[in-house]
1. Could you run through segment 91-107 and say how many residues are in a helix (DSSP H, G or I) and either in contact (Cβ under 8 Å) with a residue 60 or more places away in the chain or not charged (D, E, K, R) (or both)?
2. Which residues, counting only those in segment 108-126, are modelled with pLDDT under 90 and not in a helix (DSSP H, G or I)?
3. Check off (1) under 18 Å from G115 (Cα atoms); (2) of a type outside the set (D, E, K, R); (3) modelled with pLDDT of 90 or more; (4) not assigned by TED's automatic domain parsing to the domain that holds P149 for G23 and give me the number that stays unchecked.
4. What pairs can you find where one residue is in segment 126-146 and farther than 18 Å from K60 by Cβ, the other is part of a helix (DSSP H, G or I), and their Cβ atoms are less than 6 Å apart, with a gap of 6+ or different chains?
5. Does segment 30-40 contain any residue that is buried (at least 17 other Cβ atoms within 10 Å of the Cβ), closer than 27 Å to Q132 by Cβ and of a type outside the set (D, E, K, R)?
6. In segment 75-90, which residues are in a helix (DSSP H, G or I) and within 19 Å of P149 (Cα to Cα)?
7. Starting from segment 66-86, take each residue that is more than 15 Å from T114 (Cβ to Cβ) and list its partners that are assigned to a loop (DSSP other than H, G, I, E, B), counting only C-beta distances under 6 angstrom and pairs at least six apart or across chains.
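The values are calculated or read from the model by the stated rules, or taken from the named source; none is laboratory data. These numbers come from a predicted model, not from an experiment. Glycine gets a Cβ as well: all are built from the backbone with ideal geometry, and neighbour counts include every protein chain shown.
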Amino acid sequence: MARFTVTASEILTGMAQLIEFAGNHPYLVSALVALTLLVVFNEARLRAGGTSVSPADAVKLINKGAVVIDVRPEAQFETGHIVNARNMSLTTLGEDEAAVEKLRDKTVLVCCDTGASSAKVARLLLGKGVAQVANVQGGLVAWQRDSLPLARSDKSGHKDRKK
């Protein structure tokens, strides 16, 4: 077997060439750094757990029987929510094992206003053994932007459809 050795002067020469290249091609190096950061960020987000679905894909899953959990405060939930959504807080899902147990064999969609809080809940549910969890990408902001229907609860507890 041949043995390869690298001297310190060869390493320094290589580093000098790399620095010279970066100085001569700043846009290329900037693009490489930006793409590397983009890939790392995307991988970290994907490995954090759960998937995100668009509002249109969420409708398809709801039509196939997915359970929708809205994690916004109750007052916001009552002003408008996805039809047949359940209002559950992060603390309720974190503490109530019976509620989580009921979700284990179902497809679960989690939503909030923008999708940020619901992503945390999706990770929590995945960690508690709920296998099919998805976050509604963009939350109810995206849902309304796509002109999808909302339901609201009046003070008597009846649900009415909203346009």
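1. Of the residues in that region, 8 qualify.
2. Selection gives T114, G115.
3. (1) is the only condition that G23 fails.
4. Close Cβ pairs (under 6 Å, with a partner that is part of a helix (DSSP H, G or I)) amount to K128/V100; V130/L103.
5. Scanning segment 30-40, I find no residue that is buried (at least 17 other Cβ atoms within 10 Å of the Cβ), closer than 27 Å to Q132 by Cβ and of a type outside the set (D, E, K, R), so the answer is no.
6. Within segment 75-90, A75, Q76, F77, E78, T79 qualify.
7. V67/K106; V68/I82; V68/A85; I69/M88
So that you can scan it fast, the table gives a plain yes or no per residue for (1) closer than 14 Å to V133 by Cβ; (2) assigned by TED's automatic domain parsing to the domain that holds Q132; (3) in contact with a His (Cβ under 8 Å, 6 or more places away or on another chain); (4) at pLDDT 90 or above:
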site: G65; (1), (2), (3), (4): no, yes, no, yes
site: F77; (1), (2), (3), (4): no, yes, no, yes
site: V83; (1), (2), (3), (4): no, yes, no, yes
site: N87; (1), (2), (3), (4): no, yes, yes, yes
site: T92; (1), (2), (3), (4): no, yes, no, no
